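The values are calculated or read from the model by the stated rules, or taken from the named source; none is laboratory data. What you see is a predicted model, and the numbers here were worked out from it, not measured in a lab. When we count neighbours, we look across all protein chains shown, and the Cβ atoms used for this are built from the backbone with ideal geometry, even at glycine. When the accessible area is computed, the model is the full protein with side chains, heavy atoms only, and any ligands, DNA or RNA have been set aside. Shrake-Rupley method; radii C 1.70, N 1.55, O 1.52, S 1.80 Å.
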Amino acid sequence: MSRLAINFKVFMNNRIIRLVIVLLFFFFLLPQVHAQLGKITFDLQKDKPQKFKDQQLRSEKTGQKKLTVPGRFIQNTTSHYNYFFNANAKINKVIEQARLAQKDDYSKLLTYYGYSLDNTAAQKTQLDSVISKATAGILLHDLRSDWVDNFYLLIGEAYYLRKDFDSASMTFQFINYNLFPRSKKNDDQLVVGTNDDESNHALSISSKEDNNLVHKVFTRPPSRNDALVWQVRTLTDMGNYSEAAGLINTLKNDPLFPGRLVPYFNDVQGYWFFKQGMYDSAIAYIQKAMPDVIDMPDKARREYLVAQLYEKNNSQDTASTYYDKAIKNTTDPLMDIYANLNKAKMLKSKDPAEIDKGISRLLYMARKDKFKPYRDIIFYSAAQLAIEKPDTTAALAYYKTSTANNQENSALKNQAFLQMAEINYVRKNYKQAYNCYDSLQSGDTALNYTDILSKKKALAQIVINLDIIQREDSLQAIAALTPAERDAFLKKLSKQLQKERGLKEEENYMGSSSSFNNGRNQQNIFSSNSSKGDWYFYNNGLKTQGFNDFKRIWGKRQNVDNWRLMTGNSQVATADPSGAGFGDPLAADANEKSGELPVTKEQQDISESGLLANVPLTQPAMDTSNSKVARSMFQLGKDYQNLLEDYYAAINSYEESLKRFPDSLYGGDLYVNLFYCYQKTGNIARADYYKNLLLKNFPKTKYAETVLHPESFNPSNKDTAASHRYDDIYNLFIEGNFDKAIKEKNAADSLYGK
């Protein structure tokens, strides 16, 4: 035996209605439910305040006198238009608002319905009003009216949309048990699920509906049958799939189940299969339920969902057909974009030219003003199709355009940068890959930050040495020019840098015209420009100058509160030309390991003489420049070898180092690294070549020992000479033979390193 209490709020100002609401609020209890044979009973008199003892609700007068035809008409009319109509309109409004609030991600499998119960539950005030109005509609009218069951159905739907599944299920169960039609002769003996006609042995739990014209015009069909279908949906959301399945099977074989509910019943069956991941069966019922769609956008959404389910079942041709239907029916630009994208993917195996057609369609959409807010998604989708071809060059261009058009969708921008980083990483464009990894914004749960940080840390070290090599080679190239050519080049470069930094041509960047010059002759960059009369933010030149001055002095800052605390750095640092960013622990770690700043501080004096000062015009300056290049080139090879395990890139760097700096052998370290890398690439002849050079030129070094015992390269192999020697020395320490242990340790250090 169970009890269901219905709560509601006072919503009318009429004096009599206020009295009724007070009674309802304090004393109304839903009738007792006695299994399947329970009857509706009210006991409102028991706890009424004394001043309301003599006042009766219309529902309390039920049965005191015969309900005449005029009386029934009045009761039905007021129930319908004063209460049911308004409560039902609120239910529809709640669903419509939830649909408007729904933000579908068309790159993932859509939800079954076009609105979420989280969005409907957020409208609790409106749903409480539905419950209140429906309850008033029951108690303020004769219980023999034709609208009582419809009111209870609204209450159950409101509870369902509030996500109060237990209350919703009990309400639908109450409608099922207590509003089951019974004949007068066996009023309490007939059990739900049986038939009073002994000649008919078919099991039926549905209520037979009166299809005469009068009932169709002036009343709604009995809601008990609707409640049975709603009960299936509620049980499905509660996870009671077996109970829902039993009710589904009973209704499917029920001879009295009305045809008007078949589309909605199919829809609910599709939901039951969908929730359990049985997509092939869900497809069939979604298609059968198409007549029950709310409107054309809802139909397009259903078609898109069906296409996705066919795609999951590897039925590409049928999926393409439904994507095409969704394109024709949708008014949602996002669905249009993703449907075109997915359609092209589906037809790839059948006709590879469809990929090009799909890209062309997307680019055509990008030119339309209607799709202007979605250009980031359009170009990202075009890049995805280019990957399918595959055409990584075109994909990189589309991803770049997507990020340029992306102002708000940080998740999509992250995906674009990640894809560009991965493409460049595979193509061994490591500097571009690092820049893309560095552009990723934190906080995106879809990203694997462990893998990203690992790659970024390795690439940061690579970029440092690449920048040094590029810078020094550029300076040496300038030094190689004739004096006239060099002067012309530096003059042009100086003008270009001054323009980029918002300076006039005659101004020296370190002169008094700079807005940040340690307090000497500072100008107020926010004051009006005396020559143009422009305020700072209206003057592009001043804005550019201010931006570059700030970045030069304070570095690349993240847009966060308490920035210094966030970075854990109390010292003001200069900008990091490697792109790692101010306060970036990866950049700091890379600088510490390399022993070099990635590049010297940003060039501050950009006059011709200031630029000329960096050019190595003397032999000592050229030797210093070559030394930087040699060290960076060798370190770059080691980073390729050890950090990225890109042995071909390491070989190229080592070979280039040998070619340019044949005397920079680092005690045989370069030879042993070439030997190892060539072995890893399977080029045994070249590996033996460098092995022989090492043994010939550096016979008594730890590198020669390494070549003679190549198994030491494999740290996972525990049966190595180094491991045995380590164990022997360790045992000497344990035995207390410290002098011998220290002697052996020093000897081992000379071979294997500390």
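Quick check on my filter: what residues within the range 603-635 are open to solvent by less than 20 Å² (accessible area, probe 1.4 Å), free of Cβ contacts under 8 Å to residues at least 60 places away in the same chain and either among the small types (Gly, Ala, Ser) or within 23 Å of Leu497 (Cβ to Cβ) (or both)? Answer for the range 603-635, where residues must be open to solvent by less than 20 Å² (accessible area, probe 1.4 Å), free of Cβ contacts under 8 Å to residues at least 60 places away in the same chain and either among the small types (Gly, Ala, Ser) or within 23 Å of Leu497 (Cβ to Cβ) (or both): just Ala630.
Residues that are assigned to a helix (DSSP H, G or I), open to solvent by less than 50 Å² (accessible area, probe 1.4 Å) and among the hydrophobic types (A, V, I, L, M, F, W, C) within the range 412-456 comprise Leu412, Ala416, Phe417, Leu418, Met420, Ala421, Ile423, Ala433, Cys436, Ile452, listed in sequence order. On the stretch given as the range 323-372, residues that are open to solvent by 20 Å² or more (accessible area, probe 1.4 Å) and in contact with a Pro (Cβ under 6 Å, 6 or more places away or on another chain) total 1.
What residue, among those in the range 119-149 that are closer than 28 Å to Ser207 by Cα and among the charged types (D, E, K, R), is most open to solvent (accessible area, probe 1.4 Å)? In this case the residue turns out to be Arg144. Hey, does the range 379-387 have a residue that's closer than 20 Å to Tyr310 by Cα and touching a helix residue (DSSP H, G or I) at 6+ places or on another chain (Cβ under 7 Å)? Yes, that holds for at least one residue. Please specify each residue of the range 388-410 satisfying the condition of being in a helix (DSSP H, G or I) and surrounded by fewer than 17 Cβ atoms within 10 Å (Cβ to Cβ). Correct list: Thr393, Ala394, Ala397, Lys400, Ala404, Ser410. How many of the residues making up the range 154-203 are in a loop (DSSP other than H, G, I, E, B) and modelled with pLDDT under 75? Of the residues in the range 154-203, 25 are in a loop (DSSP other than H, G, I, E, B) and modelled with pLDDT under 75.
The single condition among (1) under 29 Å from Ala421 (Cα atoms); (2) open to solvent by 10 Å² or more (accessible area, probe 1.4 Å); (3) β-branched (Val, Ile, Thr) that Ile478 does not meet is (1). Scanning the range 60-77 for residues that are open to solvent by 60 Å² or more (accessible area, probe 1.4 Å) and either closer than 20 Å to Thr135 by Cβ or at pLDDT 75 or above (or both) gives Lys61, Lys65, Lys66, Val69, Pro70, Phe73, Ile74. Might you let me know whether the range 456-472 holds any residue that is within 22 Å of the chain's Cα centre (by Cα) and at pLDDT below 90? Yes, the range 456-472 has at least one match. Flag set for Tyr279, criterion: under 38 Å from the mean Cα position of the chain (by Cα), open to solvent by 40 Å² or more (accessible area, probe 1.4 Å) and of a type in the set (Ser, Thr, Tyr). Arg224 satisfies every condition listed in (1) among the basic types (Lys, Arg); (2) at pLDDT 90 or above; (3) open to solvent by less than 60 Å² (accessible area, probe 1.4 Å) except (2). Would you confirm whether or not the range 689-706 contains a residue that is of a type in the set (Phe, Trp, Tyr), at pLDDT 90 or above and under 25 Å from Leu459 (Cβ atoms)? No, the range 689-706 has no match at all.
Residues that are touching a helix residue (DSSP H, G or I) at 6+ places or on another chain (Cβ under 8 Å) and under 20 Å from Glu705 (Cα atoms) occur at least once in the range 656-666. When the residues of the range 636-669 are filtered to those that are open to solvent by 50 Å² or more (accessible area, probe 1.4 Å) and among the polar types (S, T, N, Q), which remaining residue is farthest from Lys456 (Cα to Cα)? Step by step, filter the range 636-669, then rank; the result is Asn652.
When the range 670-697 is filtered for residues that are surrounded by fewer than 16 Cβ atoms within 10 Å (Cβ to Cβ), among the small types (Gly, Ala, Ser) and in a helix (DSSP H, G or I), only Ala685 remains.
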